[in-house]
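The values are calculated or read from the model by the stated rules, or taken from the named source; none is laboratory data. A quick note: this is a predicted structure, and the numbers were derived from the prediction, not measured. Methodologically, a virtual Cβ is constructed for each residue, glycine included, from the backbone with ideal geometry; neighbour enumeration extends over all protein chains shown.
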Amino acid sequence: MSKPEPGRVRHVAIIMDGNGRWAKKRLLPRALGHQKGVEAVRRVVRGARELGLEALTLYAFSTENWGRPEDEVADLMGLMKRFILSDLEEFAQAGVRLKIIGDYKAFKPDVVELIEGALARTAANTGTTMVVALNYGSHDEIARAARSAAAKGAITPETIAAELDTADLPPLDLLIRTSGEVRLSNFLLWQAAYAEMLFTDVLWPDFTVDHLRDAIAEFGRRDRRYGGR
């Protein structure tokens, strides 16, 4: 797997955490926290374009999220559908390409249909790639990649990397997690091997383009040695 280019940020990933806590602090329904989180997605995707990122990967729904209450899962699915219906055309016209990692086909047929329509609508775009992790878990991804590599021949780091969901993306440069939690939660474990990490106390609904810009500036101040001296 190739290493990121020193000093240049091409690919940023974000664990969007804190919607529920944002709502709880304000004595609001959890669903409203998720709604405000979608507004943050809009801001950050627009900012990623302006900042010239080649790829922005957002952790939207993990394989473990199925364990949440049914009404919360339904709210999340409803928000995703509304986001596609209301925002897809803006991003498509701005050159954004949508890519999904994870098994989105496990969702209900109407959600799958919307996702596949969005993928087709943006497939030819060459601007920033907006990568959305849906029903995604890194352990599952690595296991699938290893099986695919084994079916084709030798299993090496290079052959596994070539089978990952992110194989067509630039190497991951920077991984951000909001809300003060300091863990990766089964997200891009392979890809994060050489990535810089930044953990912020900012709750996801409050995250702005300025926070993204500051994170990229912090990245630029770090000395990346990739295990060397």
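Worth pointing out:
- Matching entry among VAL96, VAL45 (being within 17 Å of TRP204 (Cα to Cα), crowded, with 20+ Cβ neighbours inside 10 Å and either aliphatic (A, V, I, L, M) or within 15 Å of the chain's Cα centre (by Cα) (or both)): VAL45
- The number of residues in the stretch 140-172 that are in contact with a helix residue (DSSP H, G or I) (Cβ under 8 Å, 6 or more places away or on another chain), in a helix (DSSP H, G or I) and touching a residue at least 12 places away in the same chain (Cβ under 8 Å) comes to 7.
- Residue match in the stretch 209-227 (condition: part of a loop (DSSP other than H, G, I, E, B) and modelled with pLDDT of 95 or more): no
- Boolean, ILE84 is touching a strand residue (DSSP E or B) at 6+ places or on another chain (Cβ under 6 Å) and either surrounded by fewer than 20 Cβ atoms within 10 Å (Cβ to Cβ) or at pLDDT 95 or above (or both): no
- Any hit, the stretch 28-35, residues being hydrophobic (A, V, I, L, M, F, W, C), assigned to a helix (DSSP H, G or I) and either surrounded by fewer than 16 Cβ atoms within 10 Å (Cβ to Cβ) or in contact with a helix residue (DSSP H, G or I) (Cβ under 8 Å, 6 or more places away or on another chain) (or both): yes
- Among (1) free of Cβ contacts under 8 Å to residues at least 40 places away in the same chain; (2) exposed (fewer than 13 other Cβ atoms within 10 Å of the Cβ), the one test that LEU119 misses: (2)
- Neighbours by Cβ (under 9 Å, 6+ apart or cross-chain): first from the stretch 177-190, without any contact (Cβ under 8 Å) to a residue 12 or more places away in the chain; second among the charged types (D, E, K, R) and not in a loop (DSSP other than H, G, I, E, B): ARG183/ARG177
- Taking each residue of the stretch 8-21 that is modelled with pLDDT of 95 or more and in a loop (DSSP other than H, G, I, E, B) and looking for partners that are among the basic types (Lys, Arg) and surrounded by 23 or more Cβ atoms within 10 Å (Cβ to Cβ) with beta-carbon atoms closer than 9 Å, six or more apart or interchain, yields MET16/ARG177; ASP17/ARG177.
To keep it simple, each residue is scored yes or no on (1) among the small types (Gly, Ala, Ser); (2) more than 15 Å from LEU56 (Cα to Cα); (3) surrounded by fewer than 17 Cβ atoms within 10 Å (Cβ to Cβ).
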{"site": "LEU169", "(1), (2), (3)": "no, no, no"}
{"site": "SER179", "(1), (2), (3)": "yes, yes, no"}
{"site": "SER185", "(1), (2), (3)": "yes, yes, yes"}
{"site": "LEU189", "(1), (2), (3)": "no, yes, yes"}
{"site": "MET197", "(1), (2), (3)": "no, no, yes"}
{"site": "THR200", "(1), (2), (3)": "no, yes, no"}
{"site": "PHE207", "(1), (2), (3)": "no, no, no"}
{"site": "ALA217", "(1), (2), (3)": "yes, yes, yes"}
{"site": "ASP223", "(1), (2), (3)": "no, yes, yes"}
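- Residue check for VAL38: of a type outside the set (Gly, Ala, Ser), part of a strand (DSSP E or B) and either closer than 16 Å to MET130 by Cα or in contact with a strand residue (DSSP E or B) (Cβ under 9 Å, 6 or more places away or on another chain) (or both): no
- Some residue of the stretch 146-165 being closer than 30 Å to ARG82 by Cβ and surrounded by fewer than 20 Cβ atoms within 10 Å (Cβ to Cβ): no
- Residue check: ALA123 meets all listed conditions (1) within 17 Å of the chain's Cα centre (by Cα); (2) modelled with pLDDT of 95 or more; (3) among the small types (Gly, Ala, Ser) but one, namely (1).
- Selection within the stretch 48-59 - crowded, with 20+ Cβ neighbours inside 10 Å and either assigned to a helix (DSSP H, G or I) or modelled with pLDDT under 95 (or both): ALA48
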